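Everything on this sheet refers to the single structure shown next.
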Amino acid sequence: MCLDVRVAALDVLANTFMRAPGEAVGSFALESAMDELAERIGLDPVELRLRNEPAKDPVKGLPFSSREVVKCWMDGAARFGWDQRPAQGTRREGEWLIGFGCAMAGYPYQRMPGGAAGITLSADGRALIRIAAHEMGMGTSTVHTQVAADRLALPMDAIDFRYGDNAMPGVVMAGGSQQTASVGSAIIVATRELVIELLKLV
């Protein structure tokens, strides 16, 4: 039996999702529609996106905490020579027709309400962190041990992180990186309150 393996380097996206199944296909569909609209009305695709950039969250009506999409478009277009691009369907490399396009994708950074954490300091300089989080292989215990160690100025091996029991404080779903943001924030708030209580004892 003979096994032959050949490796080919391809400049393509992996056929997978981006932290949640709907993001990749949703972004592709919207960006494709924007390009088709720009071509239909004879408007530069980047200009079309800039004209439709919302001033606030179009769903909730709230102001953005930060949003640099316009700057990204302007910087990107300048860096790869968007204003010097060839006409559609005119650039070829051998038998290949080479496109020159633009697209963007984003992923929401969300925190869920209800996150809470319990912290207990022991006389031997150790800290016990308790939270009703669950672990699916994304490193929950590692990242929150790091957060607690940083906030309490303790070495990581002095942090005991316990989770996976709904009798503990806070129940936060793990999905789209929300658990990390929610639990991390809860630990930060808990450490602040702990310091305030410790200072009262001095």
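The values are calculated or read from the model by the stated rules, or taken from the named source; none is laboratory data. What you see is a predicted model; the values in this text were computed from it and never measured. FYI the Cβ positions are ideal-geometry reconstructions off the backbone, even for glycines, and counts take in every protein chain you see. Protein only, heavy atoms only, side chains kept; ligands, DNA and RNA dropped before computing areas. Shrake-Rupley method; radii C 1.70, N 1.55, O 1.52, S 1.80 Å.
What the table shows:
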{"item": "Between 0 and 90°, nearest 10: helix 69-79 axis offset from the chain longest Cα axis", "result": "50"}
{"item": "Heavy-atom surface of the chain, accessible at 1.4 Å and reported per residue (Å²)", "result": "73"}
{"item": "Accessible surface of residue 59 - all protein chains present, 1.4 Å probe, nearest 10 Å²", "result": "130"}
{"item": "For residue 158, net neighbour charge (Lys/Arg +1, Asp/Glu -1) across residues whose Cβ lies under 15 Å away", "result": "-1"}
{"item": "Dipole magnitude (debye, nearest 20) for the stretch 61-202, charges at Cβ of Lys, Arg, Asp, Glu", "result": "380"}
{"item": "Stretchable slack from residue 194 to residue 2, in nm (0.36 nm times residue separation minus alpha-carbon distance)", "result": "62.6 nm"}
{"item": "Nearest-ten-degree value, helix 140-152 long axis tilted from longest Cα axis of the chain", "result": "60"}
{"item": "Expected 222 nm ellipticity per residue - DSSP helices of 4 or more, -39500 (n - 2.57), all of the chain, to 500", "result": "-12500 deg cm²/dmol"}
{"item": "Helix 178-201 vs. the chain, principal-axis angle (Cα, 0 to 90°, nearest 10)", "result": "30"}
{"item": "Length-normalised contact order for the chain - Cα pairs under 8 Å, 6+ apart - percent", "result": "18"}
{"item": "The chain: mean projected area of Cα convex hull, nm²", "result": "21.0"}
